[in-house]
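Colleague: What follows is a single structure, and I will ask about it in a moment.
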Amino acid sequence: MRQALRAAMASIRRMNLRRLAEEAGSQDALAQKLDVSGAYLSQLLTGKRPVTEKTARKFETRLRLPERWL
């Protein structure tokens, strides 16, 4: 059960990051707003690296999103 929940959260976070990239105009524009490299953001978006709780909270703070939005 926990494994399924983690997989669902990972998928939701990637979808939300894609949405943010679209709103920013590009992945590079979002990466700049998040103060991360384009390569790192790409790894998050493709699932090669996980969007951890810590990373999600940091991105929410940088983008002034509500807590737990991502």
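The values are calculated or read from the model by the stated rules, or taken from the named source; none is laboratory data. For clarity, every value in this text was computed on a predicted model and none was experimentally measured. With ideal geometry, Cβ positions are generated from the backbone for all residues, glycine too; neighbour counts draw on all protein chains shown. Calculation scope for accessible area: heavy atoms of the full protein, side chains included, ligands and nucleic acids excluded. Shrake-Rupley method; radii C 1.70, N 1.55, O 1.52, S 1.80 Å.
Colleague: Taking 8 Å as the Cα distance limit and 6 or more residues as the minimum spacing, I'd like the relative contact order of the chain as a percentage.
Modeller: Across the chain, relative contact order equals 30 percent.
Colleague: For residue 49, enumerate residues with amide H under 5 Å from its amide H, sequence gap 5+ or separate chain, H modeled in the peptide plane.
Modeller: Result for residue 49 returns 44.
Colleague: Same structure again: Mind putting a number on the dipole of the chain about its Cα centre? Charges go on the C-beta only, +1 for Lys and Arg and -1 for Asp and Glu, and I need it in Debye to the nearest 20.
Modeller: Magnitude of the dipole: close to 320 debye.
Colleague: Now, a different point. Mind checking the per residue accessible area of the chain for me, 1.4 Å probe, whole number of Å²?
Modeller: Accessible area per residue: 71 Å².
Colleague: Considering the values (1) 5.4; (2) 6.4; (3) 4.3, which represents mean projected area of the Cα convex hull in nm² as calculated for the structure under consideration?
Modeller: (3)
Colleague: Ok, one more. State the percentage of accessible surface on the chain attributable to carbon and sulfur atoms; use a 1.4 Å probe and exclude ligands, DNA and RNA.
Modeller: 50 percent
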